[in-house]
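Okay, so here's the structure we're looking at.
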Amino acid sequence: MNVRVRFAPSPTGYLHVGGLRTALYNYLFAKNQGGKCILRIEDTDRTRLVENAQANLIKSLRWAGIEFDESPEIGGDYGPYIQSERFDLYKKYGMQLIENGTAYIALDTSEELDAMRERQQKAGIAPKYDRTVMRNEFTLGKEETQRLIDNGATYCIRLKVPANEEIRFNDLIRGPVVVTGRDVDDQILLKSDGFPTYHLANVVDDHLMAITHVIRGEEWLPSTPKHVLLYQAFGWECPLFAHLPLLLNKDKSKLSKRQGSVAVEDFAAQGYFKEAFVNFIALLGWNPTADREIFTFQELCDTFNLEKVNKSGAVFDTQKLDWMNGQYLRSLPLDYLVELLKPELANYDYAEVCDKYLGEVINLLKERITFLKDVLTFGNYMFEKPKEYEPTYIAKVWKDNTTTIITPLIDALRSADDFLHDTTHDITMKYVDANGLKLKDVIHPLRLMITGKSVGAGMFETMAVLGKDECIERLDYFIKTKS
RNA sequence: GGUCCCAUAGACUAAUGGUUAGGUCACCAGCCUUUCACGCUGGCAGUAGGGGUUCAAAUCCCCUUGGGAUCACCA
C-alpha cells in the first residue's frame, strides 16, 4: 500500500504536546512505511482565528524534526493544504449529499436548538437533534424550506443518520467498534456561514488527498461513526483508523493548559533538547522494546509500528523527561552543545568567552546539571568572579586557623609552572602530606575562595579550566578582603 | 445521565495461555569520593475486585468497581 497519512491541526496558536505526539506518530509511521506525511491546516472555525498560528505550528514541528512531504508551505499534488482555501469544495460535496438523500437542510436557530437540548435534559434523555420536530425540510416540506431560503433564511446541512443501522469500523489500535445509529447525532456538515464543520471537511479532504491511515487522538473515537457514515454516503472507501491513547494530567484527565505547560515551544524554551523531548514523547503510548529508553530519531523511524501502540492513556510526567534530558546532555557532541549554548550567553553580562572555553566549561559541569543552560547559572563562577560567598559554607569550612593553613598553599600554587589537574593536585597533596593535613582541610577553603559555592565540579578540574591567573587572583582577593 | 474507550507498582512500560511478573524514572541504602552530581551495586513497590474457560490466566469470556473521552452551526 502506498501509505499517506496526515497531521491536521487547527491553528490554535501553539503546538500542544499531544499534538506533537500525534504528528510524530504520523510522521514515524509514514517514514517507516516509506509513505508520505502531509500537513493540513483545519481552520474552518472562523471565530477562532489566531494570528501567526500556522507559522508557530510549523516552527515547533520543525524544531522537533518533523518535516512534511506536502504542506501549505511546500505544496504538493493535492493542495491547497489549508481548508479555508478549499471553501468551495465543501459546499459542492455537501450539496451532493442533499441530492442523494443522505443529508438534509435544517433552519433552526441556535436559540431553538438550545431550547431543544434543555427540554431533553429535563426529560432525562441524551441531547440529540430531533429531526421529527425541529425546523427542517422534513417537518417544513421541501417547497416551504426552499421558499424560506429564497427569502434569506440562514440554513445548515445535517447528516441524516439512519436510526436502526449498526455502524462498524475496525480501529487499528482498539479493534472492532460498533455503535447503533440511534446513538449518533445528525451532525451539522455545513454551517450557516457556509463553512464546513470538521467532520465534513475532514472526510472530504482525507478522501481527496488519498489519505490511507487516519492517525489521531482518542477524543475523536466517538465521532468516528459519523465519519464512517459520511464515507458511505459519498460512496468512498474508508481509510484505516488508529486512535491514539490520550496524554493525561497528573489527575488522569486529558492533558490541558490549566494544569501546567502544554505548549511545545514552552518546553523548548525551558531548555529541553529536542532529541530528549521527542524521545520522551515517542515513548508515551508506544514502546518498541523492553530494555531500552534512549532512541535516536532514526531508530524511532526504523522501529515504529502501530501494533505496539498502547490502548490506555499516559500521564505526562516530566520527571523522567528531566532524567532523559540529562542523558542527552552527557552524550550529545560537544560542538553541538556549544552552538546551542552560545546564544544563551547574551542573557548574561559575562565577559566574552570563546567556543573552546565554553566547551571546557560544559564538559566540566554537564554531569551535575539537567539543562544545558544550567551551565550559565549553576556554573556562573566560571564566567565571573564570585559576587558572594555562601554564608553557610563559610561557617562550615573557614575556621580561625584556615588563613594560616591555606596561605602557604596559595604561594605554592603561585609558583606552579602550569595549572593542569595533575600539577595542582600534586602540589596540594604534597603540601597536605608535609603538614599532617587531610585533603578536605584545604580543598573546601579553595572551593569557597574560587567559586563561592559549596557545590561544583572537581576542584582541580575546575582550577584547570579557570586557569592559573584567574585562580590566583581570586585566592589573593579572598585572603585580602574576607579573611 | 446516554454512548464509547480503557485498567500491570507513585509515573512510563515489557511479558500476545506456561517467566521467581522484566526494564526505566522517582524514592531508599551502600560503594566511589573532594562538595554536589555522574557511575556502579542492592532495596522498596504492581497484574483493581469477583466469577468462569483451561492441566495452566496479567493474558481469553462475563459481571462489578474505578478512571477517561464524548454528547456545539469547536476542532
Can you tell me which residue in segment A:219-254 is nearest to RNA strand B (Cβ to nearest atom), limited to those that are surrounded by fewer than 21 Cβ atoms within 10 Å (Cβ to Cβ) and farther than 30 Å from A:Asp186 by Cβ?
A:Lys252
I'm trying to understand the selection: among the residues of segment A:313-354, which are over 30 Å from A:Leu284 (Cβ atoms), touching an Asp or Glu at 6+ places or on another chain (Cβ under 9 Å) and of a type in the set (A, V, I, L, M, F, W, C)?
A:Val338, A:Leu345, A:Ala351
If you go through A:Thr462, A:Thr423, the only one that is within 22 Å of A:Phe383 (Cβ to Cβ) and either aromatic (Phe, Trp, Tyr) or surrounded by 15 or more Cβ atoms within 10 Å (Cβ to Cβ) (or both) is A:Thr462
Go through A:Ala412, A:Ala464 for me and flag whichever is outside the structural domain of A:Phe277 (by TED's automatic domain parsing), under 49 Å from the mean Cα position of the chain (by Cα) and assigned to a helix (DSSP H, G or I).
A:Ala464
Where the second residue is buried (at least 18 other Cβ atoms within 10 Å of the Cβ) and modelled with pLDDT of 95 or more and the first is within 20 Å of A:Phe371 (Cβ to Cβ) and acidic (Asp, Glu) and lies in segment A:274-298, which pairs have Cβ atoms under 6 Å and are six or more apart or on separate chains?
A:Glu275/A:Tyr328
A:Glu339 assigned to a helix (DSSP H, G or I), surrounded by fewer than 18 Cβ atoms within 10 Å (Cβ to Cβ), away from RNA strand B (no atom under 14 Å from the Cβ) and among the acidic types (Asp, Glu):
yes
Restrict the check to segment A:457-466 and report whether at least one residue is away from RNA strand B (no atom under 13 Å from the Cβ), modelled with pLDDT of 95 or more and not hydroxyl-bearing (Ser, Thr, Tyr).
yes
Answer with yes or no whether A:Leu113 is over 30 Å from the mean Cα position of the chain (by Cα) and surrounded by fewer than 20 Cβ atoms within 10 Å (Cβ to Cβ).
yes
Somewhere in segment A:275-290, is a residue away from RNA strand B (no atom under 14 Å from the Cβ), on the phi < 0 side of the Ramachandran plot and not assigned by TED's automatic domain parsing to the domain that holds A:Ile173?
yes
When the residues of segment A:77-130 are filtered to those that are modelled with pLDDT under 90 and among the small types (Gly, Ala, Ser), which remaining residue is farthest from RNA strand B (Cβ to nearest atom)?
A:Gly79
Please work out which residue is nearest to RNA strand B (Cβ to nearest atom), limiting yourself to segment A:194-214 and to residues that are under 16 Å from A:Glu85 (Cβ atoms) and in contact with a Lys or Arg (Cβ under 7 Å, 6 or more places away or on another chain).
A:Phe195
For segment A:151-170, which residues satisfy the criterion of being at pLDDT 95 or above and either charged (D, E, K, R) or assigned by TED's automatic domain parsing to the domain that holds A:Phe234 (or both)?
A:Arg158, A:Lys160
Filter result for A:Pro72 (in contact with a Lys or Arg (Cβ under 7 Å, 6 or more places away or on another chain), within 16 Å of RNA strand B (Cβ to nearest atom), without any contact (Cβ under 8 Å) to a residue 40 or more places away in the chain and not basic (Lys, Arg)):
no
Being at negative phi and crowded, with 22+ Cβ neighbours inside 10 Å: is that true of A:Ala103 here?
yes
At least 2 residues that are more than 18 Å from the chain's Cα centre (by Cα) in each: list the helices (runs of 4 or more DSSP H) lying fully within segment A:239-310 that qualify.
A:297-303
Consider A:Ala210 carefully, then state whether it is hydrophobic (A, V, I, L, M, F, W, C) and assigned by TED's automatic domain parsing to the domain that holds A:Glu237.
yes
If the requirement is being among the polar types (S, T, N, Q), closer than 25 Å to A:Leu337 by Cα and outside any loop (DSSP other than H, G, I, E, B), which of these qualifies: A:Thr424, A:Thr377, A:Thr404?
A:Thr377
Which residue pairs have Cβ atoms under 7 Å apart, sit 6 or more places apart or on different chains, and have a first residue in segment A:348-373 that is not assigned by TED's automatic domain parsing to the domain that holds A:Gln270 and within 16 Å of RNA strand B (Cβ to nearest atom) and a second that is acidic (Asp, Glu) and part of a helix (DSSP H, G or I)?
A:Leu364/A:Glu461; A:Thr370/A:Asp322; A:Lys373/A:Glu344
Determine the pairs where a residue that is under 17 Å from A:Thr402 (Cβ atoms) and aromatic (Phe, Trp, Tyr), located within segment A:466-483, has a partner that is part of a helix (DSSP H, G or I) and at pLDDT 95 or above with Cβ atoms under 8 Å apart, the partner being 6 or more residues away or on another chain.
A:Phe478/A:Leu448; A:Phe478/A:Met449
Would a scan of segment A:166-174 turn up a residue that is within 26 Å of the chain's Cα centre (by Cα) and of a type in the set (Phe, Trp, Tyr)?
no
Matching entry among A:Tyr381, A:Tyr357 (being modelled with pLDDT of 95 or more, surrounded by fewer than 17 Cβ atoms within 10 Å (Cβ to Cβ) and of a type outside the set (A, V, I, L, M, F, W, C)):
A:Tyr357
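The values are calculated or read from the model by the stated rules, or taken from the named source; none is laboratory data. These numbers were taken from a predicted model, which means no experiment stands behind them. Heads up, the Cβs are rebuilt from the backbone with ideal geometry, glycines too, and the neighbour counts pull from every protein chain shown.
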